[in-house]
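Every number here is computed from the coordinates shown, using simple stated rules; none is lab data. It should be emphasised that the depicted structure is a prediction, and the values quoted were computed from it without experimental measurement. Reconstructed Cβ throughout: ideal geometry from the backbone, glycine too, with neighbour counts over all protein chains shown.
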């Protein structure tokens, strides 16, 4: 089992709109692709003072081949959807983690 995690740094100006987008558009889109399950949204408790609020949005995905198929079919839409809506008000990066225990 893998975790597909996207960490977002969200400007205070769009914080409310971004949370609404994640819950009403982004999570349903990701689940609809059929590759992901068990969405979670967490606020990152960063020790450093920074502009904006960091969040982690995580989904479970079964294996790397499933992820590769998803990337081929949906990754561009995934990246484009947030940027088109929030431009430079939201910065993100994605990591894939393998569950060990």
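Numerical summary
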read-out	value
For 37, 92, order by how many other beta-carbon atoms lie within 10 Å, fewest first	37, 92
Stretchable slack from residue 94 to residue 38, in nm (0.36 nm times residue separation minus alpha-carbon distance)	18.5 nm
Relative exposure of 8, 62, 74, judged by other C-beta atoms within 10 Å (fewest first)	62, 74, 8
Simple label model, 7 Å out from Cα along Cβ direction - residue 12 to residue 72, nm	4.6
Folded to 0 to 90 degrees: helix 64-86 orientation relative to the chain principal axis, Cα	20
Rounded, prolate or oblate (a/c below 1.5 giving rounded, otherwise prolate when a/b exceeds b/c) for the range 2-98 by Cα gyration tensor	prolate
The chain - percent relative contact order, Cα under 8 Å, separation 6 or more	49
Which of 26, 15, 87 has the fewest Cβ neighbours within 10 Å, and the rest in rising order	87, 15, 26
